[in-house]
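**Student:** First, the structure itself, so that you have it in front of you.
The values are calculated or read from the model by the stated rules, or taken from the named source; none is laboratory data. Not measured: the values here are computed from a predicted model. Note that we place each Cβ from the backbone using ideal geometry, even for glycine, and neighbour counts take in every protein chain shown.
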Amino acid sequence: MRNSNARIGFFTIIAAFMLAIMPLPNWAVDFRPDWVTLVLIYWAMALPASIGVTIAWMVGLMVDVSHGAVLGQHALGLVIVIYVIHAQHQRLRVASLLQQGIVIFVLLFVQQLISLWVSGIMGQAPDNWLYFMPSLTGALLWPWVYIILRDLRRKFGFRARY
Amino acid sequence: MQTLFLQGPAVTLRMIILVIASIVLMTVDHRWNHLEIVRSTLSHLLYPLQYTIDLPIRLYYWADETLSTHQSLLDDNRRLEDLHLQTRVQLQKLDILEKENDRLRDLLSATPKLGEKLLIAEIINVDVDPFRQLIVINKGSNDNVYKGQAIIDAQGVMGQITHVNALSSMAMLITDASHALPVQIDRTGLRAVAFGTGKIDFLDLRHMPHNADIRKGDKLITSGLGGRFPTNYPVAIITHVERPPGESFARVRAEPLALLDQSREVLLLWHNEPEQATLTEETDAGNHEKQ
């Protein structure tokens, strides 16, 4: 069970990466949610024993490479987000999707703030409020991400048991 | 056995260690070049994904080419042959001029002209970071691409390589907010630095005095200062000159000539700059190994 869960987790993270680098029309680029973080949040909530801060950190480094950012920029934010999710996963699991969405908005916002702070130090800070748009779209899309990933997990993850 | 409470000092400790590790990594990566090897290793894992994303677009172009009609191919061919003829006529003149220039340089015992080599690379269609102007191209260290190398297209300078992997590399466009390009004005020879703005369609010429001889429509070319870019490649056209009386510098904007968001192919440029051996620490160690 653990193995097939890990496999489905791995595939969804890969899929999130592909969504993150897929070319979008110019008007849509600013609204692209941070798919990788959303998927990782789900798995950290559902399987905190297997998806922890270390995996989040490694995934974050991959995000840095794909963004051409300085190594550690996204990893730092992701570690902190996943740590909070880890600490609160039991509470979050029983919360409604709306409440989860609010928490996730705050977490995504904090993550972007950390990233913004780092790019500010590098002198590459964007001067545009649209920068925070992915937090909003990410939180709005959270219910769908949650339901899709939950169904995937139930369909493929627990097949051995049920 | 899955325990009910995972939370404990172990997770917190790990989080703190990873946060410190991230900060250390960022510092090292920003200041030195020791982490290029880590980056290029990780990008090996990323390359298949980028390739897969790019594949449908590649297929589209391929299908477009394969399924185009005989007539349109003939038309294309005729058009290109005409163009070829025209450019060859122009080149004849240029050839003679270049020889003459060489002879004159010889007479003046000036430094010989620099040889240049070109390679065509394709842009891999992936989105990088919406607030930065970066592109991924499909040539890497296997083709001797090096960090800091200039990339151009048929119209002008596009940018420079920032990270080199084996099969792909990442390049920063001249419009990226952290890019600055030494230029000079074609008409007067006045030198300036063109800063990227983060917007794809204009560059900023900062610190130009009010009395600088700049006009709308002036062409900017690379000055070659700094050693990164070869000299005399077109960069941009001045679109906007304003001299606000209260400020100490003029406001000058220029529009890049290269089709930064439309090109599908870019040219990688090798120029054997004589000063390159004496460049300061700014050029990375990998650069020197490639020479």
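**Student:** Go through the range B:137-151 residue by residue and tally those that are over 10 Å from the mean Cα position of the chain (by Cα) and assigned to a loop (DSSP other than H, G, I, E, B). Break it down stepwise before answering.
**Tutor:** Of the residues in the range B:137-151, the ones over 10 Å from the mean Cα position of the chain (by Cα) are B:137-147.
Checking the rest, the ones that are also assigned to a loop (DSSP other than H, G, I, E, B) come to B:138-140, B:144-147.
Summing the residues that are over 10 Å from the mean Cα position of the chain (by Cα) and assigned to a loop (DSSP other than H, G, I, E, B) in the range B:137-151 gives 7.
**Student:** Quick test of your reading of the structure: residue B:193 fulfils all but one of (1) without any contact (Cβ under 8 Å) to a residue 24 or more places away in the chain; (2) more than 16 Å from the chain's Cα centre (by Cα). Name the failing condition by number.
**Tutor:** Result: residue B:193 fails condition (2) only.
**Student:** Now for a separate question. Provide a single number: the residues in the range A:38-65 that are assigned to a helix (DSSP H, G or I) and either facing chain B (nearest Cβ under 9 Å) or more than 17 Å from residue A:135 (Cβ to Cβ) (or both).
**Tutor:** So in the range A:38-65, the residues assigned to a helix (DSSP H, G or I) come out as A:38-46, A:53-65.
Within this subset, residues satisfying the condition of being either facing chain B (nearest Cβ under 9 Å) or more than 17 Å from residue A:135 (Cβ to Cβ) (or both) are A:43-46, A:53-62, A:64-65.
The qualifying residues number 16.
**Student:** Any residue in the range A:72-80 that is within 10 Å of chain B (Cβ to nearest Cβ) and on the phi > 0 side of the Ramachandran plot?
**Tutor:** At the first step, the residues of the range A:72-80 found to be within 10 Å of chain B (Cβ to nearest Cβ) are A:72-80.
Those still in the list that are on the phi > 0 side of the Ramachandran plot too: A:72.
Checked against the condition, which is being within 10 Å of chain B (Cβ to nearest Cβ) and on the phi > 0 side of the Ramachandran plot, the range A:72-80 yields at least one hit.
**Student:** On to the next question. Any chance you could count how many residues in the range B:56-101 are closer than 30 Å to residue B:126 by Cβ, among the acidic types (Asp, Glu) and within 29 Å of the chain's Cα centre (by Cα)?
**Tutor:** 2
**Student:** Only one of B:132, B:58 is surrounded by 12 or more Cβ atoms within 10 Å (Cβ to Cβ), outside any strand (DSSP E or B), on the phi < 0 side of the Ramachandran plot and in the same structural domain as residue B:47 (by TED's automatic domain parsing). Can you tell me which? Even if it seems obvious, please write down each step before you answer.
**Tutor:** Working: B:132 fails: in the same structural domain as residue B:47 (by TED's automatic domain parsing).
That would be B:58, the only listed residue that is surrounded by 12 or more Cβ atoms within 10 Å (Cβ to Cβ), outside any strand (DSSP E or B), on the phi < 0 side of the Ramachandran plot and in the same structural domain as residue B:47 (by TED's automatic domain parsing).
**Student:** Looking for whichever is in a loop (DSSP other than H, G, I, E, B) and either at pLDDT 85 or above or buried (at least 17 other Cβ atoms within 10 Å of the Cβ) (or both) here; the options are B:220, B:259. Which one fits? Walk me through it before giving the result.
**Tutor:** Values: B:220 fails: in a loop (DSSP other than H, G, I, E, B).
Result of the check over B:220, B:259: B:259.
**Student:** Something else: Which residue out of B:154, B:171, B:194 is part of a strand (DSSP E or B), over 18 Å from residue A:68 (Cα atoms) and either assigned by TED's automatic domain parsing to the domain that holds residue B:29 or among the small types (Gly, Ala, Ser) (or both)?
**Tutor:** Testing whether each residue is part of a strand (DSSP E or B), over 18 Å from residue A:68 (Cα atoms) and either assigned by TED's automatic domain parsing to the domain that holds residue B:29 or among the small types (Gly, Ala, Ser) (or both) leaves just B:194.
**Student:** Applying the selection to the range B:26-61, what residues are farther than 21 Å from residue B:169 by Cβ and at the interface with chain A (Cβ under 7 Å from one of its Cβ atoms)?
**Tutor:** Matches in the range B:26-61: B:26 only.
**Student:** With respect to residue B:67, determine if the residue is more than 10 Å from chain A (Cβ to nearest Cβ), without any contact (Cβ under 8 Å) to a residue 60 or more places away in the chain and not small (Gly, Ala, Ser). Reasoning before the result, please.
**Tutor:** On the way: more than 10 Å from chain A (Cβ to nearest Cβ): yes; without any contact (Cβ under 8 Å) to a residue 60 or more places away in the chain: yes; not small (Gly, Ala, Ser): yes.
Yes.
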